Structures are given as structure tokens and as C-alpha cells.
Amino acid sequence: PESGMVNARENSKHGHVFRPGPFHRHRAYWLDGAGLHWRIGNQVGHLPLSEISALRLYLPEGGKAVTAQCVLVSKSGLRHKISDRYWWRWTPQERHRFGHHERRTATFRGLTFTLARRLKKANPNAVFETGPGRNEWIATCIVGVLAVSIIAGGGALMMARGVFSLPAAALIGLALLYLPLLWPVIRSGGPQPFDPETLHYADPPPDTADR
């Protein structure tokens, strides 16, 4: 049956299945020759690699807090976002794990690394970038500056007045909690050009389940 063939392709060497959020639809992307296929819920589509004008690959370092993503932009302006997270659904087979997710790193890299290499051959003029998006990086830098200001300003104010303020201390603690999550994005410097030929599969991180 056709559905069985689709499922086989989704789970092939260059296939990847994910759900970016607990209430998002099931999504699958796979490569077939010089074309990228996808299924989002019951909708299916196809895009020749030669029609993709840009690819941005974000492989964050330093923990599980940031999702790995691959953003594709077609010549017509259509955007596709592929992530490495699979959130479990409220179905008879998965509802015992509903609210949890796993990182499908191996299949994510298997698809996106091969996609980047094939895209370079199919469209030599395509733009290849790595890291967070420009807007995401700028917004994260602004939040980081605000967090540092809260920590420094709040601490200095309490010391100057010689009075301990529980609300101020709670706000400082929250800022301290978020700074380590913001730093990997800030440190990246935003999107940077890269050569797909530098991507490799050596010792890829195993898929992990987060709770």
C-alpha cells in the first residue's frame, strides 16, 4: 500500500520524523534523489533541491535546552523548519509518555547533513549558514544585557540601602538562572557561512529522551 511505502521512506536512512511541540502535528521529511519530500499531518509535498535558495543549520552546544534546527527557504519564499525534537502524542501508543520528548539527533543529522551536500550540487548559488537566526541572536543579546543589568543593578541597590529585598533577590535569581541558557546563542555570534563539505557523522550523539 502507498501508506506503507511512505512510512518506509520516512524511516529510511535519509528520513526524519519529529514533532516540534506537544500540540503540533506529526511531521516527516525525507530525501529521494534530488528532491525533498515531506508529510505534515495528512498533507504531503515535494520540493526539488534546485528550488531551495538558502539553508541554515543550527547545532547548539552545551546541553539540551536549545533545539537543533534546519531552516530551508525556497526560491518562492516558502520556509521549512526541521527540528530534532519529537514530543509524544496523546494516542493509545504514546499517551503514557505524553508531555515528554526525545532528541532524535541521529536521524536529524542523517537528513540535514546529506541535504546540505546534495543542495550544494543541485544549486551552487544557495546560501549556507550555521548558527541561530539573525533576529533570534539580536533578541537574545538584548535579553542577556537586561539580565546582567538586573543582576548588577539589583545587587548594587540592595548593598547601597543595606536592606535585603525578597522580590529583588527572586528577580536576580531568575536572571542568573537564564543567563547560562542564553550564553550559547550569544556566543555563536549569529548566523555564519559554512561549507556543507565540512559536515561529518563521526561519533554522532545518541538519541536521548528528556523528561
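Here Ser50 and Arg134 are evaluated by their C-beta separation; at R0 = 45 Å the FRET efficiency comes out at 0.95. Heavy-atom accessible area with a 1.4 Å probe sorts Ser165, Ser149, largest first, into Ser149, Ser165. Taking all protein chains as they are arranged and a probe of 1.4 Å, the heavy atoms of Asp195 leave approximately 60 Å² accessible to solvent.
Please report the net charge: other residues with Cβ closer than 12 Å to the Cβ of Pro48, K and R +1, D and E -1. Net of charged neighbours comes to 0. Electrostatic tally near Ala28: other residues with Cβ closer than 13 Å to its Cβ, Lys and Arg +1, Asp and Glu -1, net +4.
In this view, the solvent-accessible surface of His46, computed with a 1.4 Å probe and all protein chains in place, comes to about 100 Å².
How high is the FRET efficiency from Arg25 to Ser76, r the C-beta distance, R0 22 Å, rounded to 0.05?
Details: r = 22 Å, r/R0 = 1.01.
Between Arg25 and Ser76 the formula returns 0.50.
Accessible area ranking (1.4 Å probe, heavy atoms, ligands and nucleic acids excluded), largest first, for Arg27, Arg19: Arg27, Arg19.
Heavy-atom accessible area for Val148, with the other protein chains in place and a 1.4 Å probe, reaches approximately 80 Å².
Per residue, how much accessible surface does the stretch 65-198 expose to a 1.4 Å probe? Answer in Å², no decimals.
57
Sort Phe194, Phe18, Phe23 by accessible area with a 1.4 Å probe, largest first.
Numbers: Phe194 40, Phe18 0, Phe23 180 Å².
Highest to lowest solvent-accessible surface, that is Phe23, Phe194, Phe18.
The values are calculated or read from the model by the stated rules, or taken from the named source; none is laboratory data. Keep in mind that what you see is a predicted model, and the values were worked out from it rather than measured. In this analysis, Cβ positions are derived from the backbone assuming ideal geometry, glycine residues included, and neighbour counts consider all displayed protein chains. Each accessible area value is taken on the protein alone, full model and side chains, heavy atoms only, with ligands, DNA and RNA left out. Shrake-Rupley method; radii C 1.70, N 1.55, O 1.52, S 1.80 Å.
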